Amino acid sequence: MAEWIIFEDLPFTIIEGCFKSMIKRALKIKVVSADIIQRDILQKYSQIHDNIRQELQASSKLAFTLDI
């Protein structure tokens, strides 16, 4: 669910209200709150950020290009 919210650029609160009850009835699964989704997204961001930082520190050269 977190990936869907990230890729579609939706607010965390999209899963509250009628969406939450619709998913519960249709899929018979427990839908988490917006706070849990936000926490998951921030953890994913932190992991990706750390991976990028490690890759940049490990490389000896870095090149940027721009198309203008």
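Read the figures in this text as sums done on the coordinates, not as results from a lab. What you see is a predicted model, and the numbers here were worked out from it, not measured in a lab. Cβ atoms come from the backbone with ideal geometry, glycine included; neighbour counts cover every protein chain shown.
Key figures
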read-out: At R0 = 30 Å, FRET efficiency that the Cβ-Cβ distance of Lys24 and His49 yields, to 0.05; value: 0.35
read-out: Descending principal axes extents, the chain, alpha-carbon based, whole Å; value: 53, 29, 18
read-out: HN-Hα J in Hz across segment 15-26 - Karplus 6.51, -1.76, 1.60, θ = phi - 60°, x for Gly and Pro; value: 7, 7, x, 5, 4, 4, 5, 5, 5, 4, 6, 6
read-out: Only Lys, Arg (+1) and Asp, Glu (-1) charged, at Cβ; the chain dipole about Cα centre in debye; value: 420
read-out: Chymotrypsin sites (Phe, Trp or Tyr not before Pro) restricted to DSSP loop in segment 4-68 with at most 10 other C-beta within 10 Å; value: Phe64
